[in-house]
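See below for the structure under consideration.
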Amino acid sequence: MSNPRPTIFPGFNQILHGGDYNPDQWQHAPEVIEEDFRLIKLAGCNTFSLGIFSWTSYEPEEGRFTFDWLDRIMDRMAQDGHRAILATPSGAKPAWMSFTYPEIRRVDGQGLRDLHRRRHNHCWSSPVYREKVRIINTKLAERYGKHPALAMWHISNEMNGECYCDLCLKWWQEWLREKYGTLEALNQAWWSHFWSHTFTDWSQVEPRDFSLDGMRVDWLRFTNHQLRDFYLWECRPLRAHSVAPITTNFMGLHPPVDYAKLAEIVDVIADDQYPAYYPDDPNLVRSAVNVSFKGNLYRCFKPDRPWMLMESCTGAPQWKQPTHLKRPGVHQTEMLQALGGGAEGTCYFQWRKGRGSCEKFHGAVVDHAGHEHTREFRDVADLGALYRKLPEVLGSVVQSEVAMLYDWESRWGIEHSDGPGFRDEMYADAMCDHYHPFWEQGISVDVLSSERDFSGYRVVIAPLLWMLKPGVAARARAFVEAGGVFITTFFSGICDEHNLCFTGGWPGDGLMALCGVWNEETDVLREDETRRVRTTGGAWAGKKRVYQAGHVCGVAHLRGAKALAVYDQDFYKGQPVLTRNTVGKGQAYYLAARVEVDFLRAFYGKLVRDMTLQRPLAAALPRGVTVQERVKAQTRYLFIQNFNNTAKRIALDATCKYRRLRDGKAVRGTLALAPMGSDILAR
Ligand code: GLA
Ligand code: ZN
């Protein structure tokens, strides 16, 4: 695990820093572009995404191509030693194309074809659009595939969405035929004898029927298949002329796109994140936990390669209301949070604010003022200067003994099933409940899909593992028998991969036997309701013995497990909330209710102590402070961050000598962090 890995751009040994750059919007003002190159140096930037939305500038009319501005910019980048991430322009189509070929525009759920407007709205199937994309990508690849400034390709932009045109529906029906073989199998998988929805011909399979949730889950699988197919289509001409890595920018946990699957076909993981921390936000710490959780997921998509922030914001994104200014310290803290989590580049949307259109008020390195004497620019330049001191961090990795399982398909399964207590963001929120106690102890957690091998960890946490894919429960059992600690919760083992409920008791498919508990019923509460929970026997929960559960209260029975906490209220008073079952050399825990984070703190706190899980610092951290550790050979890098609006002192390990990367100075004893401040120590 501790071998240095290659950098994002092989051979380019700097932290990537830069962003989306749109010189095509400034062709009328060459002096502005000249000024950009002066400012880039002052800002300590080195990497720019070019041409994301530039199709019309390359092909102003059908079949007539010109790459003048891009030639000049690419050459200038090379001359100044910068790197270009060159985009394919399919994220937005030229007006002439939309009007000549209306079929390239998407059809929505009501059957209406979209107007020519906005972006990210082309049909995934259209042979015309595919051909146009093939041609433009080929031109770009032939022209720049071996250009010295080219470091990576950026396919389209934030690929997402669905199209219901006739071509897409036909593709869907063929995809189903391939997947199921027979209509009998399909009808069975979707339980479509319900309401007489039995399909008797493939052409009847209309995806906009929300009464068949199994079909909706398959529709999401299919639209993801289309998206990946389009991505691969775009890559083909690039691959033919260039060896540069290829990627596309992801959008965090965006529910409809299964990024775990898309990750398998990109070369580099690139995410767009806009945390916009505000020190007076009562949910500040929780937002930070959430962002770290996403970073963990992104890091684990490709453990052998660093990931990068492709987009983030230097100031306020115009779409996030209220548009609070970034307070002092916040910018570095946001960016170092990504680096601490294994990223090796943080880029921005956008380099320079445009004068018009809907993103003219979106934060940028260069403001409308047009010079470097702004707070936003100084924040970026300070970070650029810090990054120049950080190349030694490149190649260091995050090591985890704990894994959490996060599945897009489980989330789809819950969200498309009518009834079971679904609330917006419930799936990700419940994940963060469990991650929170580790975050505040600085214990790193890997986040994986349940299809990945988790046998090498010491602890595996699987909250809301709604959809149990074949073999997962058996792997969980083998993991526990071999000595692992497995924790699962309410809404786990409910459905199989078709979103069909398991029969024979929940959690199904063997999890009931592993956990030694039967979750008979589920009580879903109003937002303002809670149920008291009492810990039983032993001192595992410290002094506090009574906690609250809310939202989901599973009503469960012991089937061999021991109860560690029970309800203290309602008709299910005395029934188990937390249980432990010993199987082979390990333990399986089941948590029947959505308990408050304090309860999880106590539970995981004890687990961490009992198992002596590794922590980067021996002393407890002040609330709202976290540490992320990266390791390279014998050196440990501690990214220490304060998500509080007040200064904090952090107790360092007494016997250790630390070196602060910011100024190279030795640090011993304690570290002082400013409000919203961050530091990086090496030991
Ligand atoms: C997304 C897009 C960018 C830009 C930003 C604004 O991430 O990819 O083109 O619109 O949002 O925040
Ligand atoms: Zn379509």
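With S450, S455 as the choices, which residue is in a loop (DSSP other than H, G, I, E, B), hydroxyl-bearing (S, T, Y) and buried (at least 17 other Cβ atoms within 10 Å of the Cβ)? Lay out the reasoning, then the answer.
Details: S455 fails: buried (at least 17 other Cβ atoms within 10 Å of the Cβ).
One residue alone meets the criteria, S450.
Please give the number of the condition R105 fails out of (1) more than 31 Å from the chain's Cα centre (by Cα); (2) within 16 Å of ligand 2 (Cβ to nearest atom); (3) among the basic types (K, R).
The one condition R105 does not meet is (1).
Sort out which residues of region 83-111 are part of a loop (DSSP other than H, G, I, E, B) and either of a type in the set (D, E) or within 16 Å of ligand 1 (Cβ to nearest atom) (or both), and write them in order of number.
As a first pass, look at region 83-111 and keep what is part of a loop (DSSP other than H, G, I, E, B): 88-94, 101, 106, 108-111.
Residues satisfying the conditions are T88, P89, S90, G91, A92, K93, D108.
I'm trying to understand the selection: among the residues of region 13-36, which are within 30 Å of P303 (Cα to Cα) and either crowded, with 18+ Cβ neighbours inside 10 Å or without any contact (Cβ under 8 Å) to a residue 40 or more places away in the chain (or both)?
First pass over region 13-36, keeping only residues within 30 Å of P303 (Cα to Cα): 13-21.
The answer is Q14, I15, L16, H17, G18, G19, D20, Y21.
Go through region 153-188 and count every residue that is of a type in the set (A, V, I, L, M) and within 16 Å of ligand 1 (Cβ to nearest atom). Write out each step before concluding.
Restricting attention to region 153-188, the residues satisfying the condition of being of a type in the set (A, V, I, L, M) are 155, 159, 167, 169, 176, 183, 185-186.
With within 16 Å of ligand 1 (Cβ to nearest atom) added as a condition, the list becomes 155, 159.
Selection size over region 153-188: 2.
So in region 190-204, with the set limited to residues that are surrounded by 14 or more Cβ atoms within 10 Å (Cβ to Cβ) and on the phi < 0 side of the Ramachandran plot, which one is nearest to the chain's Cα centre (by Cα)? Let's see the steps before the verdict.
Of the residues in region 190-204, the ones surrounded by 14 or more Cβ atoms within 10 Å (Cβ to Cβ) are 190-192, 197-199, 202.
Remaining after also requiring on the phi < 0 side of the Ramachandran plot: 190, 192, 197-199, 202.
Values: W190: 29, S192: 34, H197: 36, T198: 37, F199: 37, W202: 36 Å.
Only one residue tops the list, namely W190.
Quick test of your reading of the structure: Y427 fulfils all but one of (1) in a helix (DSSP H, G or I); (2) of a type in the set (S, T, Y); (3) surrounded by fewer than 19 Cβ atoms within 10 Å (Cβ to Cβ). Name the failing condition by number.
Evaluating Y427 over (1) in a helix (DSSP H, G or I); (2) of a type in the set (S, T, Y); (3) surrounded by fewer than 19 Cβ atoms within 10 Å (Cβ to Cβ) leaves (3) as the failure.
Determine, yes or no, whether G214 is within 16 Å of ligand 2 (Cβ to nearest atom) and either farther than 30 Å from A84 by Cα or in a strand (DSSP E or B) (or both). Write out each step before concluding.
Numbers: within 16 Å of ligand 2 (Cβ to nearest atom): no; either farther than 30 Å from A84 by Cα or in a strand (DSSP E or B) (or both): yes.
No; evaluated as a whole, the condition is false for this residue.
Name the residues in region 37-59 that are in a helix (DSSP H, G or I) and either free of Cβ contacts under 8 Å to residues at least 60 places away in the same chain or within 31 Å of the chain's Cα centre (by Cα) (or both), would you? Before the answer, list the steps.
Of the residues in region 37-59, the ones in a helix (DSSP H, G or I) are 37-43, 55-58.
Scanning region 37-59 gives F37, R38, I40, K41, A43, W55, T56, S57.
If the requirement is being under 36 Å from the mean Cα position of the chain (by Cα), within 16 Å of ligand 2 (Cβ to nearest atom), free of Cβ contacts under 8 Å to residues at least 60 places away in the same chain and in a helix (DSSP H, G or I), which of these qualifies: E174, E178? I'd like the intermediate steps shown before the answer.
On the way: E178 fails: within 16 Å of ligand 2 (Cβ to nearest atom).
Result of the check over E174, E178: E174.
Among the numbered criteria (1) modelled with pLDDT of 95 or more; (2) buried (at least 19 other Cβ atoms within 10 Å of the Cβ), which single criterion is violated by E481?
Among (1) modelled with pLDDT of 95 or more; (2) buried (at least 19 other Cβ atoms within 10 Å of the Cβ), the lone unmet condition for E481 is (2).
Give the residues of region 2-42 that are over 22 Å from A385 (Cα atoms) and among the aromatic types (F, W, Y), sorted by residue number.
W26
Which condition from (1) within 14 Å of L140 (Cα to Cα); (2) within 16 Å of ligand 2 (Cβ to nearest atom) is the one that E59 breaks?
The single condition E59 does not satisfy is (2).
Any residue in region 364-386 that is within 12 Å of ligand 1 (Cβ to nearest atom) and either part of a helix (DSSP H, G or I) or closer than 30 Å to L681 by Cα (or both)? Give the derivation first.
Looking only at region 364-386, we keep the residues that are within 12 Å of ligand 1 (Cβ to nearest atom), and these are 364.
From the residues that got through so far, the ones that are either part of a helix (DSSP H, G or I) or closer than 30 Å to L681 by Cα (or both) too are 364.
For region 364-386, residues within 12 Å of ligand 1 (Cβ to nearest atom) and either part of a helix (DSSP H, G or I) or closer than 30 Å to L681 by Cα (or both): present.
Just one of the numbered conditions (1) in contact (Cβ under 8 Å) with a residue 24 or more places away in the chain; (2) not assigned by TED's automatic domain parsing to the domain that holds H434 is not true of K665; which one?
All conditions are met except number (1).
Looking at region 574-611, which of its residues are under 13 Å from A549 (Cβ atoms) and outside any helix (DSSP H, G or I)?
Of everything in region 574-611, those that are under 13 Å from A549 (Cβ atoms) and outside any helix (DSSP H, G or I) turn out to be Q575, P576, V577, L578, L591, A592, A593, R594, V595, E596.
Please tell me if L150 is closer than 28 Å to S90 by Cβ and touching a strand residue (DSSP E or B) at 6+ places or on another chain (Cβ under 9 Å).
Values: closer than 28 Å to S90 by Cβ: yes; touching a strand residue (DSSP E or B) at 6+ places or on another chain (Cβ under 9 Å): yes.
So L150 passes the test.
Among the numbered criteria (1) over 19 Å from T530 (Cα atoms); (2) surrounded by fewer than 16 Cβ atoms within 10 Å (Cβ to Cβ), which single criterion is violated by L638?
Only one criterion in (1) over 19 Å from T530 (Cα atoms); (2) surrounded by fewer than 16 Cβ atoms within 10 Å (Cβ to Cβ) is unmet by L638, namely (2).
Which of the residues that make up region 233-261 are within 16 Å of ligand 2 (Cβ to nearest atom) and among the basic types (K, R)?
Once the filter is applied, which keeps residues that are within 16 Å of ligand 2 (Cβ to nearest atom) and among the basic types (K, R), region 233-261 yields nothing.
Kindly check whether there is at least one residue in region 12-23 that is of a type in the set (D, E), closer than 20 Å to Y144 by Cβ and assigned to a helix (DSSP H, G or I).
So in region 12-23, the residues of a type in the set (D, E) come out as 20.
Okay, now just the ones that are also closer than 20 Å to Y144 by Cβ, so 20.
Then drop every residue that is not assigned to a helix (DSSP H, G or I), which leaves none.
Checked region 12-23: no residue is of a type in the set (D, E), closer than 20 Å to Y144 by Cβ and assigned to a helix (DSSP H, G or I).
Residues in region 129-142: is at least one aliphatic (A, V, I, L, M) and surrounded by fewer than 18 Cβ atoms within 10 Å (Cβ to Cβ)?
Quick first cut of region 129-142, residues aliphatic (A, V, I, L, M) only: 133, 135-136, 140-141.
Imposing the further condition that a residue be surrounded by fewer than 18 Cβ atoms within 10 Å (Cβ to Cβ) reduces the set to 135.
So far as region 129-142 goes, yes, one or more of its residues are aliphatic (A, V, I, L, M) and surrounded by fewer than 18 Cβ atoms within 10 Å (Cβ to Cβ).
Considering every residue within region 192-210, establish whether at least one is away from ligand 1 (no atom under 16 Å from the Cβ), of a type in the set (K, R) and assigned to a helix (DSSP H, G or I). Full working, then the answer.
Our first condition is that a residue be away from ligand 1 (no atom under 16 Å from the Cβ); within region 192-210, this holds for 192-210.
Those still in the list that are of a type in the set (K, R) too: 208.
Of the ones still in play, those that are also assigned to a helix (DSSP H, G or I) are none.
The answer is no; no qualifying residue exists.
Evaluate region 135-151: report whether one residue or more is in contact (Cβ under 8 Å) with a residue 24 or more places away in the chain and either over 30 Å from L50 (Cα atoms) or within 15 Å of ligand 2 (Cβ to nearest atom) (or both).
So the first thing to find is which residues in region 135-151 are in contact (Cβ under 8 Å) with a residue 24 or more places away in the chain, and the list is 136-151.
Filter once more, keeping what is either over 30 Å from L50 (Cα atoms) or within 15 Å of ligand 2 (Cβ to nearest atom) (or both): none.
The answer is no; no qualifying residue exists.
Take region 127-163 and flag every residue that is out of contact with any helix residue (DSSP H, G or I) (no Cβ under 9 Å at 6 or more places or on another chain) and under 12 Å from A87 (Cβ atoms).
Within region 127-163, the first condition is being out of contact with any helix residue (DSSP H, G or I) (no Cβ under 9 Å at 6 or more places or on another chain), and the residues that meet it are 131, 151-152, 154, 157-158.
M152, H154, N157, E158 - these are the residues of region 127-163 that are out of contact with any helix residue (DSSP H, G or I) (no Cβ under 9 Å at 6 or more places or on another chain) and under 12 Å from A87 (Cβ atoms).
Checking D114 against (1) within 16 Å of ligand 1 (Cβ to nearest atom); (2) free of Cβ contacts under 8 Å to residues at least 60 places away in the same chain: exactly one of these is not met. Which one?
Here D114 meets the rest and fails (1).
Would you confirm, using the coordinates I've provided, whether A513 is surrounded by fewer than 19 Cβ atoms within 10 Å (Cβ to Cβ), within 30 Å of E409 (Cβ to Cβ), among the aliphatic types (A, V, I, L, M) and at pLDDT 95 or above? It would help to see each step written out before you state the result.
Values: surrounded by fewer than 19 Cβ atoms within 10 Å (Cβ to Cβ): yes; within 30 Å of E409 (Cβ to Cβ): yes; among the aliphatic types (A, V, I, L, M): yes; at pLDDT 95 or above: yes.
The answer is yes for A513.
Here's the yes/no breakdown for (1) more than 33 Å from the chain's Cα centre (by Cα); (2) of a type in the set (D, E); (3) at pLDDT below 95; (4) surrounded by 14 or more Cβ atoms within 10 Å (Cβ to Cβ):
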| position | (1), (2), (3), (4) |
| --- | --- |
| E521 | no, yes, no, no |
| G537 | yes, no, yes, no |
| R545 | yes, no, yes, yes |
| R559 | yes, no, no, yes |
| D568 | yes, yes, no, yes |
| G574 | yes, no, no, no |
| N581 | no, no, no, yes |
| K585 | yes, no, no, no |
| A588 | no, no, no, yes |
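The values are calculated or read from the model by the stated rules, or taken from the named source; none is laboratory data. Because the structure is a prediction, the values reported are computed rather than measured. Quick reminder, even Gly has a Cβ in these numbers, built from the backbone with ideal geometry, and neighbours come from all protein chains shown.
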